[in-house]
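Written below as structure tokens is the structure these notes are about.
Taken together, the values in this text are just the output of simple stated rules run on the coordinates, not laboratory data. Keep in mind that what you see is a predicted model, and the values were worked out from it rather than measured. Cβ: placed from backbone, ideal geometry, glycine included. Neighbour counts: every protein chain shown.
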Amino acid sequence: MPVYYFSLVWVSVWGIISNITSKQVKISNEIYENRSRLLIAIIAILPIIIFAGCRSSVADTAVYINGFENYPNNLSLVYNMIFDGSRRDPGFLFISVLIKQFISTDYTVWLSIIAVISGLGVMIPLYKYSCNFGISIFLFVASCQFTWMFNGMRQFLVASIIFGCTGLILRKKFIPYVIIVCLLSTIHTSALILLPAYFIVTGEPWDKRTILFICLIILAMLFTSKFTGLLEDAVENTNYASSMEEFKSADDGTNPIRILVESVPIIIAFVYRNKIKDKLTPIIKLSINMSLVASGLYIISKIARSGIMLGRLPIYFSMYNLILLPWLIKNIFNKEEKRLVYYLMIVLYIAFFYYQMVITWKGFGYASKVLGLAY
């Protein structure tokens, strides 16, 4: 736990520094928001990248390391493995072998490269789009989303790259977006869910597509067994099926407290929708829709205790809460209310951090041979 406590304190301190040193930028006509300095943003995320890259034993890390050490270190030997139809991660294998052949056979270097890509994939959109980078980076750690860099890194590598490509969605660059998603699906096939999701999240908040999605969530809740069975039939003969098998074995439904925590932004956005409707910017519209999809998937994953387990899919959407929540607090509440809401948010998220890391995950043990740490 010390490395995780350190990470929480570090992002809190540098989050404060980020706000003190922030600069005003013009978002659109007559709309200005504060943005963090790039150097401060990098410093804030740096320890998490270092701890993730230097780990030797956290959750599923040993499995990944064993896989990397068994990969060939020559591209000429990997052709048949990459094009083996039964393999679910040919893209991940290809990247790993590239690193192993041309950079280093040391797994720490490999983990560090992936940690850098994942960390920057989170940091850059927060730096570009968050009206309060300090709160956003705090939420990234306090909500425990940062643990994806230590456990489930293959899927989070995909999620962070997609998050980093937010600009493509905002500019409605559909073809480049599809190409990137298809390429990333070779790293983790669950990325394919982002293709149909594109048509939901690019609409106006609370429009017909949104209402349709909400109706689908309700129907899925009412007819869970038939819904999950339908999805199983749909993916049975596709590469996505192998990824779903992974969910079945690893996911038994999402913790209700996690659902509540991740649903707070979309609940606030809905309750105050009339108050904020004239203030919405493109990134906030997208973030509201992304948050809605994340909450819907979390709810379904809790109910669908058999069949396809959806508990890992929301990570593709829930990171937009890191942008949405600070914006909602800034634009909904007056000065006195805002101060109270910030204090309440910080206390509750720290409590959730403790609950998730200590009580639920029993400390989420960490070990690093490079750093000489073992907890």
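Side notes on the structure shown:
- Rounded to two decimals, the Cα radius of gyration of region 105-184 over 2.2 N^0.38 Å is 1.17.
- Sparse-neighbourhood loop sites, trypsin sites (Lys or Arg not before Pro) in region 276-347 - DSSP loop, at most 15 other Cβ within 10 angstrom: 277, 279, 305
- Based on Cα contacts under 8 Å between residues 6+ apart, the chain shows a relative contact order of 21 percent.
- Formal net charge of residues neighbouring residue 124 (Cβ-Cβ distance under 15 Å; K, R +1; D, E -1): +3
- Residue order, fewest to most surrounding Cβ atoms within 10 angstrom, among 175, 103, 137, 114: 175, 103, 114, 137
- Multiplying the residue separation of residue 43 and residue 76 by 0.36 nm and subtracting their alpha-carbon distance yields 8.0 nm.
- Residue 206/residue 170 FRET efficiency (R0 22 Å; Cβ-Cβ; nearest 0.05): 0.75
- Backbone amide hydrogens, once placed in the peptide plane, bring residue 27 within less than 5 Å of 32, 33, excluding anything fewer than 5 places away on its chain.
- Taking 7 Å steps out from each Cα toward its Cβ at residue 360 and residue 105 produces label points 4.1 nm apart.
- Only Lys, Arg (+1) and Asp, Glu (-1) charged, at Cβ; the chain dipole about Cα centre in debye: 1100 debye
- For region 140-211, trypsin sites (Lys or Arg not before Pro) meeting the loop criterion (DSSP other than H, G, I, E, B) and having at most 15 other Cβ atoms within 10 Å: 171, 172, 173.
- Using alpha carbons only: equivalent-ellipsoid semi-axes of the chain, gyration tensor based, whole Å: 31, 26, 20
- Span-like helix ranges in the chain, DSSP H, alpha carbon extent 24 angstrom or more, Kyte mean at least 0.5: 2-20, 107-129, 282-303, 335-354
- Equivalent-ellipsoid semi-axes for region 43-137 (Cα gyration tensor, √(5λ), whole Å, largest first): 30, 15, 12.
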